[in-house]
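Engineer: One structure, pasted below without further comment.
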Amino acid sequence: MEIPIGIEGDYVETKEDHLFFDVKGLHHPNDRKICYLRFIPDVEGDRVRYGISYSKIYDLQQRYAIINEKYPQYSFFSKEMDMILQCVKNEDIKMIYSPRNYFKKVNAKQDLTEIENLSKELCRLFINQGNISEDQIGITGSPMIGLNTEKSDIDIILYGTQASVKFQEKLQNIVKKNKHIRNYNLDEYKKHYDWRVGGSGILFQDFLKTEQRKLHQGKYQGIDFFIRYIKSPKDWEGDYYDYQYKNMGRISLKAEIVDSTYSIFTPCSYKIKCSKVLVSDINIKNQMNKITQINSYRGRFCEQAKDGEKVLVEGKIEKVNYKDSEFYRILLTDQTLDKMIIID
């Protein structure tokens with residue numbers, strides 16, 4: 001399986017400004033990569049790379065604010081996606097960093113940093129016990145570009161649709177029989193609640209209901225780890241120019257999860273059957289059957305609900321034209337506004 005360069009999980013370094021962006025999604029324009037600002041030079045930053053101090057930018061709105069104020073050349077209105085994106089033109093890219101290549105480098109090295117050694121151990125464990133081949137795994141995040149700190153997490157990516165689904169099925173047993181891997185405890189879930197859904201109005205018990213059963217996150221040797229799954233290229237369904245999205249505003253509705261198979265992947269996807277529109281910026285009550293998907297590029301919405309479960313969803317509603325088909329999807333992006341909650 002050949003994985004293209006410049007997809008979800010990869011990082012882009014710019015020729016000018018010494019900026020680092022993390023690549024989002026699998027479909028990109030021909031002349032640029034959709035990617036979001038992650039690390040910027042900052043004399044007060046707590047990370048150093050080749051003599052330059054950097055700060056990490058966490059909040060999405062802050063990323064947009066910095067781009068708009070200091071680096072507007074990396075802002076791009078996509079008529080296909082009907083929104084302003086952060087992008088780096090191919091001609092402005094100094095280097096694209098690949099999690100697959102970084103794993104190969106770490107796997108072959110002996111002189112490793114602590115986070116590299118732990119990442120390598122966990123990858124080797126997953127390869128050996130999860131029946132994953134070495135070319136289906138990668139290590140991403142700040143260590144890949146040399147901007148990690150002592151508090152950095154282990155970020156692992158697995159490639160391949162079927163390989164990911166089969167590995168996910170084995171993951172619970174892998175965690176159970178390895179003393180160095182565990183799920184989060186209650187205090188750790190409380191900390192995650194503050195920074196994952198803070199300001200959204202979601203109750204802690206609703207947050208806990210879904211988070212406690214998620215398998216792609218936890219602790220390894222006391223360090224947070226997160227697994228991101230990427231589908232095989234043959235399952236990416238078209239390319240960037242095959243889709244036309246139209247922002248139709250916001251919507252709140254109740255729905256049943258029809259198919260959650262792709263909920264583990266990034267971007268994640270849920271097929272739904274809408275049962276009731278609560279609030280909507282458009283008159284769509286007579287077309288509820290055309291609201292067929294929930295999508296998100298945010299890892300926090302992975303593994304959020306299972307087949308047959310009822311959910312309350314609030315997010316952005318988009319009309320989607322894909323080749324000869326037309327449907328509506330709900331896109332979850334905003335931490336404070338968007339939600340997906342299991343209901344009785």
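Engineer: Give the residue, chosen from ARG47, ARG100, that is closer than 30 Å to ASP194 by Cβ, crowded, with 18+ Cβ neighbours inside 10 Å and not hydroxyl-bearing (Ser, Thr, Tyr).
Structural biologist: Result: ARG47 is the single residue among ARG47, ARG100 that is closer than 30 Å to ASP194 by Cβ, crowded, with 18+ Cβ neighbours inside 10 Å and not hydroxyl-bearing (Ser, Thr, Tyr).
Engineer: May I ask you to list the residues in segment 203-222 that are surrounded by 16 or more Cβ atoms within 10 Å (Cβ to Cβ) and over 16 Å from ILE341 (Cα atoms)?
Structural biologist: LEU215, HIS216, GLN217, GLY218, LYS219, TYR220 - these are the residues of segment 203-222 that are surrounded by 16 or more Cβ atoms within 10 Å (Cβ to Cβ) and over 16 Å from ILE341 (Cα atoms).
Engineer: Sticking with this structure for a sec: Does TYR245 satisfy being touching a residue at least 60 places away in the same chain (Cβ under 8 Å), in a helix (DSSP H, G or I), under 20 Å from ILE84 (Cα atoms) and of a type outside the set (D, E, K, R)? Explain how you work it out, then say what you get.
Structural biologist: Details: touching a residue at least 60 places away in the same chain (Cβ under 8 Å): yes; in a helix (DSSP H, G or I): no; under 20 Å from ILE84 (Cα atoms): yes; of a type outside the set (D, E, K, R): yes.
No.
Engineer: Considering only residues that are of a type in the set (Phe, Trp, Tyr), within 20 Å of ASP10 (Cβ to Cβ) and in a strand (DSSP E or B), which ones fall in segment 264-304?
Structural biologist: PHE265
Every residue, every condition in (1) at pLDDT 95 or above; (2) more than 22 Å from the chain's Cα centre (by Cα); (3) assigned by TED's automatic domain parsing to the domain that holds ASN30; (4) not aromatic (Phe, Trp, Tyr), yes or no:
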position	(1), (2), (3), (4)
ARG49	yes, yes, yes, yes
ILE52	yes, yes, yes, yes
SER55	yes, no, yes, yes
ASP59	no, no, yes, yes
ARG63	yes, no, yes, yes
GLU80	yes, no, yes, yes
GLU91	yes, yes, yes, yes
GLN110	no, yes, no, yes
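Engineer: Of the numbered conditions (1) assigned by TED's automatic domain parsing to the domain that holds ILE145; (2) touching a strand residue (DSSP E or B) at 6+ places or on another chain (Cβ under 8 Å), ASN117 satisfies every one except a single condition; which is it?
Structural biologist: For ASN117, the failing item is (2).
Engineer: Select the strands (runs of 3 or more DSSP E) contained entirely in segment 1-62, then report the ones holding at least 1 residues which are of a type in the set (S, T, N, Q) and touching a residue at least 40 places away in the same chain (Cβ under 8 Å).
Structural biologist: Passing ranges, in order: 11-14.
Engineer: Scan segment 219-238 and tell me whether some residue there is assigned to a loop (DSSP other than H, G, I, E, B), over 17 Å from the mean Cα position of the chain (by Cα) and under 30 Å from LYS323 (Cα atoms).
Structural biologist: yes
Engineer: Can I ask one more? Just name the residue that is surrounded by the fewest Cβ atoms within 10 Å (Cβ to Cβ) out of those in segment 318-344 that are within 22 Å of ASP206 (Cβ to Cβ) and among the aliphatic types (A, V, I, L, M).
Structural biologist: ILE343
Engineer: Can you pull out every residue in segment 133-147 that is in a loop (DSSP other than H, G, I, E, B), touching a residue at least 24 places away in the same chain (Cβ under 8 Å) and surrounded by 19 or more Cβ atoms within 10 Å (Cβ to Cβ)?
Structural biologist: LEU147 - this is the single residue of segment 133-147 that is in a loop (DSSP other than H, G, I, E, B), touching a residue at least 24 places away in the same chain (Cβ under 8 Å) and surrounded by 19 or more Cβ atoms within 10 Å (Cβ to Cβ).
The values are calculated or read from the model by the stated rules, or taken from the named source; none is laboratory data. Note that the structure is a prediction, hence the values are computed from the model and not measured. Neighbour counts are summed over all protein chains in view; Cβ atoms, including those assigned to glycine, are modelled from backbone coordinates with ideal geometry.
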